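Chemist: Would you mind keeping the following structure in view while I ask a few things?
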Amino acid sequence: MLGTCAFAISGIRLAAAKRFDWFGAYVVGLVTAIGGGTLRDVLLDIPVFWMLSPMYLEVTGLSLLAVICFRRALVGGMRTIFIFDAIGLALFVVVGIEKTLACGGPMWVAVVMGIVTGSFGGVIRDILINEEPLFFRKDIYATACLAGGLAYWLLTEAGTPSWVPQTMCAVTVIGLRVAAVVFKWSLPILHVDPSILPRKK
């Protein structure tokens with residue numbers, strides 16, 4: 001629920017910046033919160049989680065209400081959206097890994113599902129608000145999810161209590177996202193010589 005709230009607020013906040021109406025903002029917040037988990041459950045061939053309980057729709061509604069009531073604190077500045085996005089990303093990676101393992105999937109599949117759960121809702125969000133998806137930019141985003149998943153994997157193989165890999169996975173994701181912004185880390189851009197591209201007729 002905390003991850004749902006964090007991602008919903010991040011989506012609603014961006015929708016507000018684009019001057020969407022309340023319903024449009026709710027839709028953007030909802031798909032941000034449930035998009036990754038929906039794709040995960042479809043790929044795992046299990047019932048889609050939000051269709052089993054109305055709580056996720058209700059939490060998104062409460063998130064919209066929070067943004068309306070506290071818009072000055074939640075809408076002003078990019079720092080706010082970054083904080084909520086980082087928290088949601090970290091928690092959803094953990095949820096994706098845990099649910100895949102509970103379904104009997106191998107660890108490598110769980111890591112992939114963790115990345116999908118954490119990042120795909122943001123991809124849909126960015127498409128809906130007509131922004132280049134953060135997932136495909138040079139920012140440390142999906143890479144942070146992968147690092148968190150690998151931390152979970154290594155600590156699980158080491159036989160640590162279950163809360164240790166869960167916590168360290170979330171800390172790794174948030175830590176990398178914060179460090180990437182503070183130290184301006186980024187992945188290399190794939191450069192192509194324009195002279196080799198086909199000319200438009």
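The values are calculated or read from the model by the stated rules, or taken from the named source; none is laboratory data. Predicted, not measured: the structure shown is a model, and the values here were computed from it. All Cβ positions, glycine included, derive from the backbone under ideal geometry; neighbour counts span all protein chains shown.
Chemist: Filter segment 140-166 down to residues that are buried (at least 16 other Cβ atoms within 10 Å of the Cβ) and among the hydroxyl-bearing types (Ser, Thr, Tyr) and give me whichever is farthest from Met107 (Cα to Cα).
Modeler: Tyr141
Chemist: Now a separate question. If we scan segment 50-69, do we find a residue that is β-branched (Val, Ile, Thr) and either at pLDDT 90 or above or in contact with a His (Cβ under 6 Å, 6 or more places away or on another chain) (or both)? Steps first, please.
Modeler: Our first condition is that a residue be β-branched (Val, Ile, Thr); within segment 50-69, this holds for 59-60, 67-68.
With either at pLDDT 90 or above or in contact with a His (Cβ under 6 Å, 6 or more places away or on another chain) (or both) added as a condition, the list becomes 59-60.
For segment 50-69, residues β-branched (Val, Ile, Thr) and either at pLDDT 90 or above or in contact with a His (Cβ under 6 Å, 6 or more places away or on another chain) (or both): present.
Chemist: Which numbered condition in (1) in contact with a helix residue (DSSP H, G or I) (Cβ under 9 Å, 6 or more places away or on another chain); (2) without any contact (Cβ under 8 Å) to a residue 40 or more places away in the chain is the only one that Ala102 fails?
Modeler: (1)
Chemist: Can you confirm whether Leu101 is within 25 Å of Ile174 (Cα to Cα), among the aliphatic types (A, V, I, L, M) and modelled with pLDDT under 90?
Modeler: Values: within 25 Å of Ile174 (Cα to Cα): yes; among the aliphatic types (A, V, I, L, M): yes; modelled with pLDDT under 90: no.
When the stated conditions are applied, Leu101 does not pass them.
Chemist: If you don't mind, another one. Which residues, counting only those in segment 36-50, are touching a Ser or Thr at 6+ places or on another chain (Cβ under 9 Å), within 22 Å of Ile12 (Cα to Cα) and either surrounded by fewer than 24 Cβ atoms within 10 Å (Cβ to Cβ) or charged (D, E, K, R) (or both)?
Modeler: Once the filter is applied, which keeps residues that are touching a Ser or Thr at 6+ places or on another chain (Cβ under 9 Å), within 22 Å of Ile12 (Cα to Cα) and either surrounded by fewer than 24 Cβ atoms within 10 Å (Cβ to Cβ) or charged (D, E, K, R) (or both), segment 36-50 yields Leu39, Phe49, Trp50.
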